[in-house]
Each structure stands twice: as structure tokens, then as C-alpha cells.
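Okay, structure first, notes after.
The values are calculated or read from the model by the stated rules, or taken from the named source; none is laboratory data. Remember, it's a predicted structure, so these values are computed and weren't measured experimentally. We place every Cβ from the backbone using ideal geometry, glycine too, and count neighbours over all the protein chains shown.
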Amino acid sequence: MTPRGESVNEEMRQRSRRRLMRATVELVDQHGYSATTLADIAEQAGLARGLVSYYFEGKRLLMQAATHRFMHLELTAALAELPTGASAQCRLATAIDAVLQLALDHPRVMRSHLALILDPDVGDFVQDPEQRQLGAILRDLLAGWGAEDPIAEHAVLRSALMGGCIGLLLPGAQTPLPPIRADLFARYSLPWELGRPPQPQAPSRPHWAPPDSTAR
């Protein structure tokens, strides 16, 4: 039998990693992060348990990579649905809407992801290959939009999107989608009607702006 070439082996490795990441998102979406074990993930992916540890240094890093992959796949799919020649504003609006919708459609996944990357006791934020791919998409969108420094602006957008998702997902104190979206769209001077607006008109700011802390 002819030995497999390195390119074939590498494709098999990448395929196994993708199966593990997909299984992680599926199981966490259904059962939550704490109730999902590495053995569950391996079984869901149809792979040996030992391969999980071979490809990922622990459950946290697997979850981080899996969520980043999930996000960049959803962003890519949403952007692919736009007509050829869609404006840079339309593309950025679509990306913002896609991320916010992920929080609404997959709250267990996004809550778990945010909790892990914000907890300093479990380790630092790791820029894995999936995160770098997600970042590349957002930086490209920001460059097209006109950002003078897409790298610096990406850090700002990433923080704003995380804040928006936290607002949508904060247990017992969720903020509705329209004001969060309105704030993000105002930040980038995006017309409300671009992307996938949750209602025909933007909310009027006096109805949702934080109260004036100086008022007594």
C-alpha cells in the first residue's frame, strides 16, 4: 500500500479538528458547557477520546476555538448572501447583525464563550487559528468601511460586539436587541435599514439611553 502523502495527512488532521469543534458547539448548544465532557465531544464527533487532547490543550481552548470557528463560518455565510457589489456599509452592518443574532439563537454557546474568555483564573485569551480567521474577516470589513487603522479598530469593534452580546445575554437583566444594535450602528454611522433590522425604525434614544447620573 502506498503511504499517504503529508498533504493527505494534514487534511485528515484538519478534518478531525473541524469535527471536534462542530461537535463541541452542538453539545454545548444543547446541554451547556459544564454538562458537556470531552468524552461526549469525542463520541459526538465519532473520534477516539485521545484525539481531543492531541488536537486541543483542554476543554476551554477547544470551546474557544469551536466558538470562533462557528462565528467566522456564520459571518462568511451571511456575507455570501449579499448581492455582488454590496456596499462596505452594508457588509459591516450584516456582520454586526450576524454576531448579535448568534447570541440570540445560541445563548448557551455564546454565554459559555464569553464567560471563559473573561475569566482570568482559567487562562489568558489565546489567538488560535480560528480566532485569527474571524479577526481577518472583521479587519477586512473595517478596511473597506474606511477605518484608518483596521487593526486598532478591530479591537474596538471586538469589544463593542462582546459588550453587545453580554447585554443581550445577561441573566435577569437582558437588554433588548434594538437599542444595542442602534448603539453599534451609530458608532459606525450605519443606516438602520441596512443588514437585518429587528424592527422597521430605530428606537428613539430617549427611551433607552442610560439615565443621567447627575440628575437628582
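Numbers at a glance
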| quantity | calculated |
| --- | --- |
| Those residues of the range 82-104 which are aliphatic (A, V, I, L, M) and crowded, with 17+ Cβ neighbours inside 10 Å, in sequence order | Leu92, Ala93, Ala95, Ile96, Ala98, Val99, Leu100, Leu102, Ala103 |
| Flag for Pro107 being modelled with pLDDT of 95 or more and under 19 Å from His72 (Cα atoms) | yes |
| Some residue of the range 19-33 being on the phi < 0 side of the Ramachandran plot, in contact (Cβ under 8 Å) with a residue 60 or more places away in the chain and of a type in the set (Val, Ile, Thr) | yes |
| Of residues in the range 132-177 being touching a helix residue (DSSP H, G or I) at 6+ places or on another chain (Cβ under 7 Å), of a type in the set (Val, Ile, Thr) and over 15 Å from Thr94 (Cα atoms), the one surrounded by the most Cβ atoms within 10 Å (Cβ to Cβ) | Ile166 |
| Residue check for Pro107: in contact (Cβ under 8 Å) with a residue 60 or more places away in the chain, under 28 Å from Gly164 (Cα atoms), surrounded by fewer than 19 Cβ atoms within 10 Å (Cβ to Cβ) and out of contact with any Phe, Trp or Tyr (no Cβ under 9 Å at 6 or more places or on another chain) | yes |
| Selection count where residues are over 22 Å from Ser34 (Cα atoms) and part of a helix (DSSP H, G or I), scope the range 97-132 | 9 |
| Those residues of the range 5-18 which are surrounded by fewer than 18 Cβ atoms within 10 Å (Cβ to Cβ) and part of a helix (DSSP H, G or I), in sequence order | Glu6, Ser7, Val8, Asn9, Glu10, Glu11, Met12, Arg13, Gln14, Arg15, Arg18 |
| Tally of residues being surrounded by 14 or more Cβ atoms within 10 Å (Cβ to Cβ) and outside any helix (DSSP H, G or I) across the range 43-81 | 2 |
| Members of the range 158-186 that are part of a helix (DSSP H, G or I) and either polar (S, T, N, Q) or free of Cβ contacts under 8 Å to residues at least 60 places away in the same chain (or both) | Arg158, Ser159, Ala160, Met162, Gly163, Ile166, Gly167, Pro178, Pro179, Ala182, Asp183, Ala186 |
